[in-house]
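The values are calculated or read from the model by the stated rules, or taken from the named source; none is laboratory data. In this text the structure is predicted, and so the values were computed from the model without any measurement. As a convention, Cβ positions derive from the backbone with ideal geometry for all residues, glycine included, and neighbour counts pool all protein chains shown.
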Amino acid sequence: MKKTLIAIAALAATSAFAQSTVTLSGNIDFAGAQQSGTQLGAKGSTFSTTVGTSSTSVIRLVAVEDLGNGTKVTASYGLDPRTLSNDALSNTGAQAVGSTGAYGNVTTGLSRDAVFVGLEGAYGNVRLGSPNSLGLEVAGDSSPLGTGVGSGYAGNAGTMINSVVQTRYNRSARYDSPAFSGLTASVLYAPGGDTLPVDTQAATQIPNSRTAKEIALKYVNGPLTVSYVNIKQEKQLNRTGYYSGVLAAAAAAAETSANVLGVNYNIGNTTVYAGMNSGDRLAQKASGDGSAVQSKGTRYAIKQKIGQIDLIAQYTTQETTGMAAAGVTSTGNAKATVTGLRADYNLSKTTATYVGYEEWKTGATAAAGTAGALAGISGDRKIVSIGLRKSF
């Protein structure tokens with residue numbers, strides 16, 4: 001009898017372990033890139049996992065446990081290999097406006113992958129931590145170039161769509177409903193930590209200081225995908241902090257709200273994409289008066305498969321109204337554009353080599369003698385890259 005009980009206990013333990021899985025996956029993308037143009041730091045060559053790559057490098061550890069009754073718990077930790085390499089000093093691009101580090105690409109949410117724990121079941125999917133934002137996913141539905149070369153989503157391209165869309169929030173909760181006839185609803189909330197009055201916050205830096213809310217709808221029906229998100233940040237009192245405008249004066253930053261739409265449609269080996277956004281930029285005017293900058297943008301793209309080759313062309317615009325940034329001579333409307341081209345040769349389902357091209361025109365001109373971040377958001381930049389990526 002004792003042996004039977006031991007055998008049953010061992011079998012039960014084995015079954016319990018069988019219901020839990022741990023998966024190691026990832027993507028490594030290196031490119032050699034040649035940069036040129038009139039932007040600050042836009043000349044020269046590099047070989048890295050940041051400039052000119054087609055995708056984001058990440059090593060991801062995912063643990064999933066089946067709790068029964070259709071419910072499972074998931075823990076995901078994404079490690080960005082770029083933060084462990086010499087890329088922290090290899091990015092010669094200009095610092096992103098409002099960033100606190102010496103190099104823009106290593107101080108933005110784009111250089112940190114998703115980290116979260118969540119529950120998923122018949123009720124939907126709940127994630128706590130720093131899951132990808134809804135805005136990032138909606139923007140991706142109109143971008144076959146993802147966030148890579150030519151997409152207009154680079155860490156130091158603060159005048160493009162990432163001036164409206166935040167990649168992810170350090171402390172947030174996200175809920176995705178089950179799909180009903182192809183329709184999914186999602187909500188993301190980042191509570192922030194902005195509780196100090198204007199006259200006492202000068203030396204305070206609170207991560208995620210502005211409360212953020214995102215509400216999205218997505219419809220998938222065969223070859224058609226349509227997604228929409230509203231992104232809103234509440235009024236900011238604390239003048240410094242991540243994902244917020246850095247205010248030069250003791251003034252509260254205005255509430256911001258933007259709408260983003262992404263669409264794609266597949267016809268055999270051809271997929272066409274379109275997107276648009278309108279509303280406010282996440283950052284405030286450089287004058288420090290706390291007012292929001294109006295912005296609107298469009299995107300059109302096409303992807304064509306020819307055997308093992310994928311050909312992608314993409315054109316993105318982003319226009320701001322009344323920038324009036326100190327040190328930038330262009331005022332009123334400034335229209336930035338990014339033209340992107342990429343050819344992928346798929347060596348297998350998980351390996352590809354590629355050639356990429358990007359031309360980014362900011363639509364702004366720096367005043368004489370201007371240096372630093374403001375000079376980095378003026379002029380143009382071109383990138384030609386050759387790379388190799390491997391997912392696993």
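Could you please find all residues in the stretch 22-70 being assigned to a loop (DSSP other than H, G, I, E, B) and aliphatic (A, V, I, L, M)?
Selection gives LEU40, ALA42, VAL51.
Out of VAL51, VAL58, VAL64, report the one residue that is touching a Ser or Thr at 6+ places or on another chain (Cβ under 9 Å), surrounded by fewer than 18 Cβ atoms within 10 Å (Cβ to Cβ) and at pLDDT 85 or above.
VAL64
Report, by residue number, each residue of the stretch 120-137 that is assigned to a loop (DSSP other than H, G, I, E, B) and farther than 16 Å from ASN170 by Cα.
Hits for the stretch 120-137 are ALA122, TYR123.
I'd like the full set of residues that are within 13 Å of GLY356 (Cβ to Cβ) and either of a type in the set (S, T, N, Q) or touching a Pro at 6+ places or on another chain (Cβ under 7 Å) (or both), limited to the stretch 20-49.
First, the residues of the stretch 20-49 that are within 13 Å of GLY356 (Cβ to Cβ): 29-35.
Selection gives GLN34, GLN35.
Residue-wise test of (1) over 18 Å from GLN166 (Cα atoms); (2) out of contact with any strand residue (DSSP E or B) (no Cβ under 6 Å at 6 or more places or on another chain); (3) among the basic types (Lys, Arg); (4) at pLDDT below 65.
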position: LEU110; (1), (2), (3), (4): no, yes, no, yes
position: VAL115; (1), (2), (3), (4): no, no, no, no
position: GLU120; (1), (2), (3), (4): yes, no, no, no
position: GLY129; (1), (2), (3), (4): no, no, no, no
position: GLU137; (1), (2), (3), (4): no, yes, no, no
position: ASP141; (1), (2), (3), (4): no, no, no, no
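If you take the residues of the stretch 68-82 that are polar (S, T, N, Q) and exposed (fewer than 14 other Cβ atoms within 10 Å of the Cβ), which of them is modelled with the highest pLDDT?
The qualifying residue modelled with the highest pLDDT is THR71.
Conditions first: (1) part of a helix (DSSP H, G or I); (2) modelled with pLDDT of 95 or more. ASN162 passes all but one, so which condition is the exception?
(2)
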